[in-house]
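Q: Okay, handing you the structure first.
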């Protein structure tokens, strides 16, 4: 693990996680990690989908958003390795959308927006996915993740 201040980090989506094929009803992870790999155990972590709070981790306690009770997960065992990924159980069409992860440490807030899109969203785009998902057994969707970062720090008075 890197020895840096808990105030010196960025949020990233691992390169290998930018695309996935999932079956509706299966468990899905919206990946997000601290870089460098430092512990997030004593940080505050907030996950939103659009304006709905999905999950809040604060003071070593996890609170689930009302419409996600029993369906979300933030692996507290992985926080010491900087893994702040959101796990969604029984993935539904309504889970497709834009997610915001905020990680707060001291006076610094780092956030990343991750778009979880169904393959159909590519149809009106100039960029096309390389491979098509199999539609044989049950409905599968091809998810693509798009990210955008921002950082802000509280000014000293």
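Each reported figure results from applying straightforward, stated rules to the coordinates on display, with no laboratory input. Worth saying up front: this structure is predicted, and the values here are computed from it rather than measured. Note: ideal-geometry Cβ built from the backbone for every residue, glycine included; neighbour counts use all protein chains shown.
Q: Assign one of three labels to region 16-115, namely rounded, prolate or oblate, based on the Cα gyration tensor with a ≥ b ≥ c the square roots of its eigenvalues; rounded applies when a/c is under 1.5, prolate when it is not and a/b is larger than b/c, and oblate otherwise.
A: prolate
Q: Can you pull the one-decimal nm distance between simple spin-label points at residue 15 and residue 113, each 7 Å off the Cα toward Cβ?
A: 2.5 nm
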